[in-house]
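**Q** Below is one structure. I have some questions about it.
The values are calculated or read from the model by the stated rules, or taken from the named source; none is laboratory data. Since the model is a prediction, treat every value here as computed from it, not as a measurement. Note: ideal-geometry Cβ built from the backbone for every residue, glycine included; neighbour counts use all protein chains shown.
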Amino acid sequence: MPAIISAAEVTDSEAIHPGYGFLSENADFADRVEKSGFVFIGPRPDTIRLMGDKVRAKRAMIEAGVPVVPGSEGALPEDPQEINRNAREVG
């Protein structure tokens, strides 16, 4: 990460695109880019963190009125019978 920030500094860049995969999903990298004075071309760090937590992401989508695929409304329970009941309800 420091090498990318350094390269942006020496080339007088205004923004950094993280590419696909690894760094594009790294909220700490997005934070570091912004704190270094560059524009991070991608989601805000808090959005990356939210979408990285599938339970929180689904709740956020439901709260925003976005249709979601039926399923567990959170982390699966510890009880295997409860998991089976949930599976039967979802289909």
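**Q** Would you mind finding the one in G21, G37 that is free of Cβ contacts under 8 Å to residues at least 40 places away in the same chain, within 19 Å of A57 (Cβ to Cβ) and surrounded by fewer than 11 Cβ atoms within 10 Å (Cβ to Cβ)?
**A** G21
**Q** Would you check which residues across segment 1-45 are among the acidic types (D, E) and at positive phi and list them?
**A** D12
**Q** Considering only segment 1-31, state which residues are part of a loop (DSSP other than H, G, I, E, B) and out of contact with any Leu (no Cβ under 9 Å at 6 or more places or on another chain). Explain how you work it out, then say what you get.
**A** First, the residues of segment 1-31 that are part of a loop (DSSP other than H, G, I, E, B): 1, 11-14, 17-21, 26.
Scanning segment 1-31 gives T11, D12, S13, E14, H17, P18, G19, Y20, G21, N26.
**Q** Within segment 42-58, how many residues turn out to be over 14 Å from E25 (Cβ atoms) and either modelled with pLDDT of 90 or more or loosely packed, with under 10 Cβ neighbours inside 10 Å (or both)?
**A** Matching residues across segment 42-58 total 2.
**Q** Looking at segment 36-89 only, could you name the residues that are of a type in the set (D, E, K, R) and assigned to a helix (DSSP H, G or I)? Can you show your working first?
**A** Going residue by residue through segment 36-89, those that are of a type in the set (D, E, K, R) are 44, 46, 49, 53-54, 56, 58-59, 63, 73, 78-79, 82, 85, 88-89.
D46, R49, K54, R56, K58, R59, E63, E82, R85, R88, E89 - these are the residues of segment 36-89 that are of a type in the set (D, E, K, R) and assigned to a helix (DSSP H, G or I).
**Q** List pairs: first residue in segment 70-91 and under 17 Å from D53 (Cα atoms) and aliphatic (A, V, I, L, M), second residue surrounded by 12 or more Cβ atoms within 10 Å (Cβ to Cβ) and at pLDDT 85 or above anywhere in the structure, Cβ distance under 6 angstrom, at least six positions apart or on different chains.
**A** A75/V55; L76/I83
**Q** Quickly run through segment 31-43 and pick out the residues that are of a type outside the set (A, V, I, L, M) and over 9 Å from the mean Cα position of the chain (by Cα).
**A** Step one: list which residues in segment 31-43 are of a type outside the set (A, V, I, L, M), which gives 31-32, 34-38, 40, 42-43.
Listed by number, the residues that qualify are D31, R32, E34, K35, S36, G37, F38, F40, G42.
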